[in-house]
1. For the range B:188-218, which residues satisfy the criterion of being part of a helix (DSSP H, G or I) and of a type in the set (Gly, Ala, Ser)?
2. Please tell me if A:ALA183 is buried (at least 24 other Cβ atoms within 10 Å of the Cβ), of a type in the set (Gly, Ala, Ser), at pLDDT below 95 and over 18 Å from A:LEU26 (Cα atoms).
3. What's the total number of residues in the range B:300-337 that are at the interface with another protein chain (Cβ under 8 Å from one of its Cβ atoms) and free of Cβ contacts under 8 Å to residues at least 12 places away in the same chain?
4. State yes or no: is B:ALA286 buried (at least 24 other Cβ atoms within 10 Å of the Cβ), assigned to a helix (DSSP H, G or I) and away from chain A (no Cβ under 14 Å)?
5. Only one of (1) closer than 30 Å to A:TYR2 by Cα; (2) in contact with a Ser or Thr (Cβ under 6 Å, 6 or more places away or on another chain); (3) surrounded by 20 or more Cβ atoms within 10 Å (Cβ to Cβ) fails for A:THR312. Which number is that?
6. Let me spell it out: the conditions are (1) more than 17 Å from the chain's Cα centre (by Cα); (2) assigned by TED's automatic domain parsing to the domain that holds A:MET228, and A:LEU256 meets all of them except one. Which number is the exception?
7. Being within 7 Å of chain B (Cβ to nearest Cβ) and polar (S, T, N, Q) is the requirement here; does A:SER362 meet it?
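The values are calculated or read from the model by the stated rules, or taken from the named source; none is laboratory data. Note that the structure is predicted; figures quoted are calculated from it, not measured. Don't worry about glycine lacking a Cβ; one is built from the backbone with ideal geometry, like all the others, and counts go over all protein chains shown.
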There are 2 protein chains.
Amino acid sequence: MYKLIELTSGVCAADGFFADGIHVGLKKEGAKDIAFIYSDTLCDVASVFTTNKMFAAPIAHFRAKGDFQTNFVVINSKNANAMTGDAGVRDIDEVLATCQESIVNPVMSSTGVIGVRLPKQKIIDGMKLFDLNAKNPHEAAKAIMTTDTFSKEKAFRVELADGSAFHIGAMAKGAGMINPAMATMLCFITTDADVSKEIMQEILDEVTVTTFNAASVDGDTSTNDTVMVFANKKSKTFHKEAFKEALHAIMHFLALEMVRDGEGATKLVTYKVTGAKDNHEAEVVAKALSNSLLVKTALFGEDPNWGRIASTVGASGAEADPKTLTISFEDLCVYKRGELLFDAAMEDKAAAIMKKPRFTISCDLGLGNGAFEAYGCDLGYEYVKINADYRT
Amino acid sequence: MYKLIELTSGVCAADGFFADGIHVGLKKEGAKDIAFIYSDTLCDVASVFTTNKMFAAPIAHFRAKGDFQTNFVVINSKNANAMTGDAGVRDIDEVLATCQESIVNPVMSSTGVIGVRLPKQKIIDGMKLFDLNAKNPHEAAKAIMTTDTFSKEKAFRVELADGSAFHIGAMAKGAGMINPAMATMLCFITTDADVSKEIMQEILDEVTVTTFNAASVDGDTSTNDTVMVFANKKSKTFHKEAFKEALHAIMHFLALEMVRDGEGATKLVTYKVTGAKDNHEAEVVAKALSNSLLVKTALFGEDPNWGRIASTVGASGAEADPKTLTISFEDLCVYKRGELLFDAAMEDKAAAIMKKPRFTISCDLGLGNGAFEAYGCDLGYEYVKINADYRT
């Protein structure tokens with residue numbers, strides 16, 4: 001009834017959206033460090049934010065606005081504007097007061113070091129340099145990166161049976177402090193679909209659960225997690241199922257890209273949990289696996305140490321029983337309902353799977369119909385290196 | 001009323017207890033790998049075990065015995081006898097069937113790799129070699145080590161006002177998969193105090209909460225966590241408060257030793273949380289801090305990145321508010337009730353504290369009277385190295 005056609009134009013895929021990234025001196029050596037997204041007509045905004053109670057100033061600022069439409073968001077990297085109190089919120093007001101004339105109800109988003117006041121003058125200087133007619137989505141995507149090693153974008157043209165079409169495009173950044181409890185570090189999505197704010201928020205909430213909220217790099221939930229969807233409705237077209245499928249495809253892709261680009265990560269692992277008492281318990285187990293240090297270091301060592309998988313399942317808090325548990329690496333079953341299948345002959349096969357950049361570890365708890373998939377990465381020397389000296 | 005005098009005789013400090021460690025070929029290069037504790041009269045046993053639902057065969061075997069007295073425990077390292085099902089329990093019966101004649105109701109405990117059948121013949125061969133008259137507590141403490149870099153023992157003579165005395169001695173092992181949810185990896189305590197089984201269990205449960213259960217190396221709860229206290233009552237003396245104080249001093253010391261010897265750890269950090277809504281919420285926050293990868297890697301990097309402390313408090317799930325939160329490194333207050341105190345001048349002082357092998361990070365949530373202290377370590381390259389290739 002409808003089809004999704006992939007585009008490469010990121011947050012500029014939808015009609016009427018403009019974006020760019022420039023350098024104002026927050027990052028070293030001329031790297032882009034502030035970005036904007038601008039729409040030539042006003043947008044409804046749907047959003048999800050971190051559950052961290054130390055949520056950052058930009059989130060406090062956004063929430064204080066209540067119900068509103070906007071056509072502009074500015075995003076800076078290198079400074080999270082978190083734990084900066086009321087002064088941090090006032091800094092945002094000062095920055096946004098310098099917006100160009102056509103901008104209405106601007107919002108701001110930040111990522112970087114926590115607990116340092118925003119270098120606002122540099123950003124204010126940059127605000128004048130933005131070319132609101134620019135369509136440079138890739139530069140915007142680069143400007144919001146922190147320890148990311150590649151930028152993350154995805155966009156679709158959604159064509160409906162009657163020949164009408166709308167677009168959805170997104171950019172995101174991730175890398176560390178990734179255990180989204182509601183959203184991820186930062187993700188900005190633009191669409192020209194003719195979607196109401198309420199339906200857009202409902203779909204965003206639903207899709208978040210199985211995408212960003214199923215991803216973890218290090219089990220630390222950030223102060224700045226933000227997903228915003230901007231809809232300017234220019235296409236005059238909408239189809240709920242198609243919109244949801246496209247949004248899910250975008251957010252799922254970006255969540256996995258974020259894990260794949262997790263700090264120091266060399267592997268992207270899907271933890272497929274089935275047979276749990278209910279879906280919630282499956283989620284608890286899947287997330288315990290993606291966050292276990294012992295599982296993550298075994299992945300890094302390419303060691304099929306399935307005992308750590310079993311132990312983590314048992315320690316997760318969910319109902320579990322060694323007599324009903326089954327564990328597989330891809331199609332290789334190593335433990336089946338109390339039976340130790342793993343032997344020396346299996347070692348090579350398991351090791352070959354562990355060497356792949358992407359694979360699935362399945363745990364069937366054998367107790368019910370609860371299922372959940374979580375996404376995690378390994379933890380190696382690079383993670384320690386990046387995080388032992390993050391601020392310098 | 002009473003005094004505690006420290007002894008160096010570990011699990012042989014109490015009258016009538018014997019112990020030794022020998023090599024039977026589980027470890028390489030002649031290292032001790034099985035240990036026993038023997039009492040020349042029968043003992044009551046108090047115990048706490050892991051909450052991991054994949055609890056190991058020795059724990060299943062112990063629980064199946066019901067109420068009993070014993071005079072012997074054999075402990076092996078290198079193999080956890082976990083995820084080995086009923087066969088693992090039968091292996092224990094086979095090993096214990098070879099006990100020497102004077103042994104009654106023997107128990108077994110194991111630590112090491114999960115998911116591999118016990119190399120029982122080697123242990124059976126060793127059972128005949130045990131000299132039940134040996135008093136070599138340090139050899140026993142060495143034999144139960146896995147990735148520990150030093151053995152862990154503590155013992156007291158408790159002298160009461162009337163001149164009578166009793167003794168408590170202990171050995172423990174730790175190092176990895178340390179996030180005791182009830183006890184820690186393995187800890188064996190012997191006493192000649194004339195204590196009833198009920199009171200001993202009650203005191204053990206109480207003391208466990210603020211000692212082993214407050215310690216974490218990596219947030220992974222093992223399948224084999226075990227604390228056992230053996231009381232042969234030979235001193236004919238008891239004093240509840242003195243016993244509790246001595247037991248607390250022993251378990252607190254051993255818990256901290258375990259964290260200090262955490263895999264790859266270079267620092268032992270006390271997380272002192274006060275001002276929480278209640279004690280439970282304080283515990284949640286303190287444990288979130290001791291388990292945060294971002295906090296642990298900042299410690300390793302000796303980086304006073306207090307923003308990660310704040311973020312972890314906020315993400316812990318406990319009630320928290322940036323306007324009432326205060327964070328200090330030792331006596332250096334870096335953030336006070338919404339006020340950013342940390343500046344360049346403070347950086348050197350904070351860095352000097354971070355370089356110490358042991359220090360305290362305090363968080364006053366400013367909301368109530370809940371308090372808890374947790375103990376954690378840093379996470380560096382060595383942890384990754386040890387755990388990326390644990391089985392080989």
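1. At the first step, the residues of the range B:188-218 found to be part of a helix (DSSP H, G or I) are B:197-210, B:212-214.
Correct list: B:ALA214 only.
2. On the way: buried (at least 24 other Cβ atoms within 10 Å of the Cβ): yes; of a type in the set (Gly, Ala, Ser): yes; at pLDDT below 95: yes; over 18 Å from A:LEU26 (Cα atoms): yes.
It is true that A:ALA183 is buried (at least 24 other Cβ atoms within 10 Å of the Cβ), of a type in the set (Gly, Ala, Ser), at pLDDT below 95 and over 18 Å from A:LEU26 (Cα atoms).
3. 4
4. Values: buried (at least 24 other Cβ atoms within 10 Å of the Cβ): yes; assigned to a helix (DSSP H, G or I): yes; away from chain A (no Cβ under 14 Å): yes.
It is true that B:ALA286 is buried (at least 24 other Cβ atoms within 10 Å of the Cβ), assigned to a helix (DSSP H, G or I) and away from chain A (no Cβ under 14 Å).
5. Result: A:THR312 fails condition (1) only.
6. (1)
7. Working: within 7 Å of chain B (Cβ to nearest Cβ): no; polar (S, T, N, Q): yes.
No: the conditions fail for A:SER362.
Rundown of residues vs (1) under 30 Å from A:ARG308 (Cβ atoms); (2) away from chain A (no Cβ under 13 Å); (3) surrounded by fewer than 22 Cβ atoms within 10 Å (Cβ to Cβ); (4) not β-branched (Val, Ile, Thr), yes/no style:
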site: B:LEU294; (1), (2), (3), (4): yes, no, no, yes
site: B:GLU339; (1), (2), (3), (4): no, no, yes, yes
site: B:ASP348; (1), (2), (3), (4): no, yes, yes, yes
site: B:ALA374; (1), (2), (3), (4): yes, yes, no, yes
